[in-house]
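The values are calculated or read from the model by the stated rules, or taken from the named source; none is laboratory data. This is a predicted model, so every value here is computed, not measured. Here the Cβ is made from the backbone with ideal geometry for all residues, glycine too, and neighbour counts use every protein chain on show. For accessibility, only protein heavy atoms count, side chains too; no ligands or nucleic acids. Shrake-Rupley method; radii C 1.70, N 1.55, O 1.52, S 1.80 Å.
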Amino acid sequence: MAIPMNSFALTPAGPRSLFHALAFGGAAWVLLLGCASRSPSAGASPQVGAASDAGSGGTSMMPGLMMPGTMMPGTMVPDSGAPGGGSPRAQGGSDPGVLQGSATYASPSGSGTACTIAAPCALANAVAAVRGLNSNMASDIAVYLRGGTYVLTTPLVLGPQDSGSNGHQVVYQAYPGETPVLSGAAKATGFTLVDAKLGIWRAPLPKGANGRQMFVNGVRAVRARSLNGLPNVATTSTGFTIADPAYASYRNASSIEIAQDNDWKHMRCPLQGITKSGNGSALAVAPDCWAANATNVSNPGFPFNGAGLPGLNGISWLENAYELLVQPGQFYADLSAAQVFYIPRSGEDLSTADVELPVLETLVDLAGTPGHLTPTNDSDAAAVYTGSWKHDDTGNGDLDNDLHATSTSGDAVSFSFDGTGLQVIGEISSNGGPFAAYVDGTQDDAQSPTNTSTTLVVQQVIYSVTGLPKGSHTVKLVCGGSSLLVDAFVPIPDVIAPVHDITFKGTTFSYATWSLPSVSGYIDNQAAVLWDTSGKAPVPIRVPAAVQVHRGKNISFVSDRFDHLGETGLDLADGTQDSAVTGCTITDVSGGGISLGEVDDYFQGSTALMTSGDTLSDNTISHVGTDYHDAVGIWAGYVRGVTIQRNDVGHTPYSGMSFGWGWGFASSCALQAKAGLGCRSGTNYARGNQIHDNYVHDVMGTLNDGGCIYTLGGQGDGTTKSVLANNFVTVGNHTSNMLYHDEGSSYWDTHDNVTSMGGDVWLGMWTPTIHDITLGPVNFTDNAAIDNRGSNIVYTAPTVVTGGTWPAAAVAIMAMAGPSAAYRIASPLLDDDDQRMSYLGTWVAAGSRGFGDFEDNVHSTSTDGDSVSLTFSGTGVTWIGEQSSDQGHVEWFIDGQSQGMADTSTSSARKAQQPLFMSGVLVAGSHTLKVVKRGGGYMTVDAALIQAQ
């Protein structure tokens, strides 16, 4: 029989009482179901996410329910077998699941060089052992990682010498049934109580820790900070004043950071100092950071940024001061005294707790050559000009907005470099013509270089030479009498030798950090792409990743987990090709989830140096941008032939996916003029990309001017279009555009998508540089509004649905979006935006509410008769919502039979994550729960807990 919500009460024992209340026929789910308003003295909470020898860390969570997806990383592996697929065979009959024959074994406590199952070696020795086996492989090599934590003191670096051969892979994989964790942290121990009133404990700061992140029993601690939205803040020429004199007494002022969320940017700066100012305090910001973020914001234009330059003009919060350490779960690191301070949460015992502070910035670096290619401006001292060259500040979109030009026959430019090749970038136009090229004094007769074109196009490769012996070389270009315009030189420092044919499978990567913001601040451009302003001109940089692939090929990550990181999870960078990320979980990271490609290789004409052919599929990405709020779940810069499919991306502070770069750079001068812009027209190599069957939800929780799926910049010349199709996006929070083709987006086929619950428009295209996009013939939405100001747009209006009555075709898209069954996380706890929830009526959804709801988001309605249904397989269900004075009457149905009605209102403070209905024991099989609003204020849906069969 059903158990109405008022048939039991939460006692001061809290979660323990609820544990018994949720027991189903002798079986129970162990979880925390606390309410946001419960006082710290309401009993000790069980420790969740406690680290173990198997490396099972918890995830960052709101107080209350366990986060979905906290099972061991190996549980999503379709087969836990040997590399190459298929079920592994037992070795010697004693180890089922282990590949028969030669294999290498490592363990956290391994030693020696035997690397056998009986005598496993250290990870570094396992890598060395592979180098003796991989030169002429006849099958995949398995490196089995035994469970436990591998504490790395230096990054694990793998290069071409560590790669597979003959098409076979070197596979680093979890030993069956075990969880290896690669950790870059050091433990803090020896805590002593130093402030009994506030409950502050102190311990020595582990050597090398930068104090930006700390994790206790696998749960992220909060760096001591003020409340959001400091009052009475005024801007000065050097920073800010605050109408509170207390700040002037803060210790270690130079270690304090200010942070601001402003439009689409997240910005940070360290302070230089704090002084008393009248009846308040003056906060002097570190001068270089203040200039870069506030008074001299970088604005080089296309292809590096677009219109609009929100700067640091306020303070959202202050961070990293001892005086701000007032709440349980907060920490403060005093680097000068090498001490860390912490106020434990209820239930945490610092004498036994696992307290981890990240030290390493890179856990794994798969590095091929030549690595990142950096253009050198035409005015660099390595370029020697002879003749009557002119150095012009053109404003045409040239690199650093300048170039060297001549039309005098015989004028020459020489550029000396170390490497194996060189690309020369210049303008092409109707005034251009042939010129001569010399390499180390010998004319290159194999090419007939020219810079002619019917229209002016900037930043084009006008000459390229590769395959030179590695060493010192000089390339000379000689004008043939037509206009020769030289913009930049791109040395290729090494041979093109990718790291290749390496797989990581079932491995967890945890506890890495990033120190640059402590020194230089966080100088944002967009989507975790920042500015390095230390040189003559601003240079784009990206938030680094804990696991990095540079110049890779056929690299795979399968069913891995990336968590508890102070930066981005995984980066496939610098021309990585034909690589795959499949079935991975990325959560609780300070930066983005997965990054792909670059922002400064748009000019690349060599297919061997492009980022291309990569696939991101069946991944679950959530709770990114925990520190840096402009980060996104999946980010891609300039890429070609990439597939992003069947991913679940949710609970992000900015866009769910951000794809492309360059703004209107690849749009014609005519379209730029139509947008009221001067001409800065070039090209890029992006095209033929696929974004389909993804589930993107509860995004844009903090910042503005993004989207669930956001595209930027051009997709080639239209010969091979890119596709955005069969995606389900819902709960857009602060976004205006659920699907957002932003400035310069072009050559997209956008069809068979479903958008719901969010945005002023279902799709946005706000300026004429957005062009040649086909919308339809089929899309589905609950919002008919569209912003269609692009050029040459083929538009078929979507099917508009009211009241949640989606047609069968839309329902099929929603059901199929996200990871396939083999990789879908099988959690019994379903969030309110789970695809299996079917809402009928006038529902709204909201995230980042701060009330303590599960995943910090809810669906709600104030209309009587509105309903939500959930079909599930199991033997019971618990319905979870809120209780407060604004809640109303709710009726529950199981398989069409009413289970009664209850009043969910209360005169006490709002209580989140409340079990409002429990079905009791049901016959094993498929059932449908329906919840209907019957009166009063709101009905709020937070989560459902399924009792499995």
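Quick one: Cα convex hull volume of segment 813-949, Å³ per residue?
109 Å³
Rg and Dmax in Å for segment 178-278, alpha carbons only: what are they?
Values for segment 178-278 (Cα only, Rg and Dmax): 17.6, 62 Å.
Could you grab the relative contact order for the chain? Cα pairs under 8 Å, six or more apart, rounded to a whole percent.
Averaging sequence separation for qualifying contacts and normalising by length gives 10 percent for the chain.
Which one, F489, I425, V639, is farthest towards the positive end of the dipole of the chain when Lys and Arg carry +1 and Asp and Glu -1 on their Cβ?
So the residue furthest toward the plus end is V639.
Determine, from the Cβ-Cβ distance of S109 and L198 and an R0 of 30 Å, the FRET efficiency 1/(1 + (r/R0)^6), rounded to the nearest 0.05.
In this case the efficiency is close to 0.15.
Just the C-alpha atoms of segment 523-598: what Rg/Rh do they give, with Rh taken as the Kirkwood radius?
Reported Rg/Rh (Cα atoms, Kirkwood Rh): 1.02.
What figure in square angstrom, to the nearest 10, would you give for the accessible area of S873 with a 1.4 Å probe?
Solvent-accessible area, nearest 10 Å²: 70 Å².
Using just the helices of the chain, give the 222 nm mean residue ellipticity in deg cm²/dmol: DSSP H runs with n ≥ 4 each add -39,500 (n - 2.57), and the total is spread over all residues, rounded to 500.
Mean residue ellipticity, 222 nm, calculated: -1000 deg cm²/dmol.
Quick check on segment 246-318: what does the Kirkwood estimate of hydrodynamic radius come out to from the alpha carbon pairs, in Å?
13.3 Å
For a quick check of understanding: with a 1.4 angstrom probe and all protein chains in place, what accessible area in square angstrom does H751 have, to the nearest ten?
Its heavy atoms expose roughly 50 Å² to the probe.
Can you tell me the relative contact order of segment 227-364? Whole percent, Cα pairs under 8 Å, sequence separation 6 or more.
23 percent
Given segment 570-622 reduced to its alpha-carbon atoms as identical point scatterers, what log10 I(q)/I(0) does the Debye formula return at q = 0.18, 0.26, 0.29 Å⁻¹?
The calculated log intensity ratios at q = 0.18, 0.26, 0.29 Å⁻¹ are -0.63, -1.01, -1.13.
Cα-Cα over 30 Å: which of K265/K536; K476/K674; K207/K553; K207/K536; K674/K721?
Among K265/K536; K476/K674; K207/K553; K207/K536; K674/K721, the Cα-Cα distance tops 30 Å for K476/K674; K207/K553; K207/K536.
Is the C-alpha gyration tensor of segment 817-863 telling us rounded, prolate or oblate? Criteria: a/c under 1.5 is rounded; beyond that, a/b larger than b/c is prolate, otherwise oblate.
Cα axes put segment 817-863 in the oblate bin.
Charges only on Cβ, +1 for Lys and Arg, -1 for Asp and Glu: so what's the dipole of segment 444-550 about the Cα centre, in debye to the nearest 20?
Dipole of segment 444-550, to the nearest 20 debye: 160 debye.
Give me the extension gain from A291 to N136: residue separation times 0.36 nm, minus the current Cα-Cα distance, reported in nm with one decimal.
Length difference between fully extended and current span is 50.3 nm.
Over the chain, what is the percentage of antiparallel beta bridges among all DSSP beta bridges, to the nearest 5?
55 percent
At 0.36 nm per residue, and after removing the present C-alpha to C-alpha distance, how many nm does the segment from Q447 to V778 gain when stretched out fully?
114.3 nm
Just to confirm, what accessible area per residue do you get for the chain at 1.4 Å probe, in whole Å²?
On a per-residue basis, the chain sits at 35 Å².
Using packing as a proxy for protection, rank 811-819, 334-342, 526-534 so that the peptide with the highest average count of other Cβ atoms within 10 Å comes first.
526-534, 811-819, 334-342
Calculate, for M816 and A128, the FRET efficiency according to 1/(1 + (r/R0)^6) with r their C-beta to C-beta distance and R0 45 Å; round to the nearest 0.05.
Computed FRET efficiency for M816 and A128: 0.50.
May I ask you to derive the FRET efficiency for D903 and Q949 from their Cβ-Cβ distance with R0 = 41 Å, giving the value to the nearest 0.05?
0.80
Can you send over the solvent-accessible area of D760, 1.4 Å probe, protein chains only, in Å² to the nearest 10?
Its heavy atoms expose roughly 110 Å² to the probe.
Could you give the length gained on full extension between R824 and D864, defined as 0.36 nm per residue of separation minus the Cα-Cα distance, in nm?
So the extension gain works out to 11.0 nm.
For the chain, what is the convex hull (Cα atoms) projected area averaged across all directions, in square nanometres?
40.4 nm²
Rounded to the nearest 20 debye, what is the charge dipole size of segment 845-892 about its Cα centre when +1 sits on each Lys and Arg Cβ and -1 on each Asp and Glu Cβ?
Here the size comes out at about 120 debye.
Of all trypsin sites (Lys or Arg not before Pro) in segment 182-256, which ones are in loop regions per DSSP and have a Cβ with at most 13 other Cβ atoms within 10 Å?
K197, K207, R251
In percent, how large is the relative contact order of segment 514-577, given Cα pairs closer than 8 Å and 6 or more residues apart?
Computed over segment 514-577, the figure is 29 percent.
Counting only protein heavy atoms and a 1.4 Å probe, tell me what percentage of the chain's accessible area is made up of carbon and sulfur.
Carbon and sulfur together cover 52 percent of it.
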